[in-house]
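Some notes on the structure that comes next.
The values are calculated or read from the model by the stated rules, or taken from the named source; none is laboratory data. From a predicted model like this one, the values you see are computed outputs, not experimental measurements. When we count neighbours, we look across all protein chains shown, and the Cβ atoms used for this are built from the backbone with ideal geometry, even at glycine. For accessibility, only protein heavy atoms count, side chains too; no ligands or nucleic acids. Shrake-Rupley method; radii C 1.70, N 1.55, O 1.52, S 1.80 Å.
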Amino acid sequence: MPAPASDQKFQRRKEERPSEIMAAGLKIFAEKGFAATKLEEVAEAAGVSKATIYLYFDSKTDLFTAIARDIATPRLDDIEKLLDAYEGSSADLLDFVMAKLKDITTGTALPSLAKIILAESANFPEIREFYRDHIVLRGTANLSRVIERGIERGEFRNCNVNAAVQEIIFPILMNTLARNTFGELPLFDPDGFFTAHAEFVARGLAADREA
């Protein structure tokens, strides 16, 4: 016998609560930073009690890391699945990864969380370490795989892979931080930046770049 409509609605509402709490938490974290955010404020924004938050998240840190994981993990999974199965050129694979980086930095709230970590990591090493281990190191490992693949196949020149990864990531990070700090000014236009940056990266890594 199917459950009454009221019970189904309650169950659906219960299942949606973690997402609603994370959405509210993201908004408050982005506005106030990690230290200044209070779970009472998140609860009010989510339309639940503070006790309800603790049904799903152990602490403010747990909520913050859950938000970061929810944003980053599906995109990192997409990259890793492609890396495992891709048979085309390494240049095209690098284009895909660069497009994913653009999506992450322009189409999600992850840059706001990264800005918080950069500003407050000295006081909250637990969020810094989570972000480093589960997002930064995982993302850089994916880029390393692409470059190493290209070198092994003779498509990219032999180079210091760790240094090349940093040369790809740091300009993206600075463009993202500039847009988050100063607003969407023409100077920091992400479309123009990513187009130019991808071209620089492709030319710099190409095995026949001298030609």
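Given a 1.4 Å probe, how much area per residue of the stretch 23-152 is accessible, in Å²?
Working: 6200 Å² over 130 residues.
Here the per-residue accessible area is 48 Å².
Strictly over 27 Å apart at the Cα level, which of LYS27/LYS102; LYS50/LYS100; LYS27/LYS81; LYS38/LYS102; LYS38/LYS100 would you flag in this model? From LYS27/LYS102; LYS50/LYS100; LYS27/LYS81; LYS38/LYS102; LYS38/LYS100, over 27 Å: LYS50/LYS100; LYS27/LYS81; LYS38/LYS102; LYS38/LYS100.
When the accessible area of the chain is computed with all protein chains present and a 1.4 Å probe, what percentage of it is carbon and sulfur? Percent of accessible area from carbon and sulfur atoms in the chain: 55.
Between the C-alpha center of the stretch 150-211 and that of the stretch 41-67 there is a gap of 37 Å. Neighbours of THR195, meaning other residues whose beta-carbon lies under 10 angstrom from its beta-carbon, give a summed charge of -2 when Lys and Arg score +1 and Asp and Glu score -1.
LEU118 exposes around 100 Å² of accessible area when a 1.4 Å probe is run over every protein chain in place. About its Cα centre, the stretch 169-211 has a charge dipole of approximately 120 debye under the convention of +1 per Lys or Arg Cβ and -1 per Asp or Glu Cβ, with nothing else charged.
Can you tell me the dipole magnitude for the stretch 63-164 around its Cα centre, using point charges on the Cβ only (Lys, Arg +1; Asp, Glu -1), in Debye to the nearest 20?
240
Neighbours of ASP58 by Cβ distance under 15 Å: Lys/Arg scored +1, Asp/Glu scored -1, total +1. Each peptide in 182-193, 61-72 gets a packing score, the mean of other Cβ atoms within 10 Å over its residues, and the list from highest to lowest is 61-72, 182-193. Packing, taken as the mean count of other beta carbons within 10 Å per residue, orders the peptides 46-58, 94-106 from highest to lowest as 94-106, 46-58. Put a plus charge on the Cβ of each Lys and Arg, a minus charge on the Cβ of each Asp and Glu, and nothing anywhere else: the dipole of the chain about its Cα centre is then about 480 debye. Once backbone amide H atoms are built at 1.01 Å from N, PHE156 has ILE151, ALA207 as its partners under 5 Å, excluding neighbours fewer than 5 places away on the same chain. Semi-axes of the equivalent ellipsoid for the stretch 85-150, computed as √(5λ) from the eigenvalues of its C-alpha gyration tensor and ordered from largest down, come to 28, 14, 7 Å.
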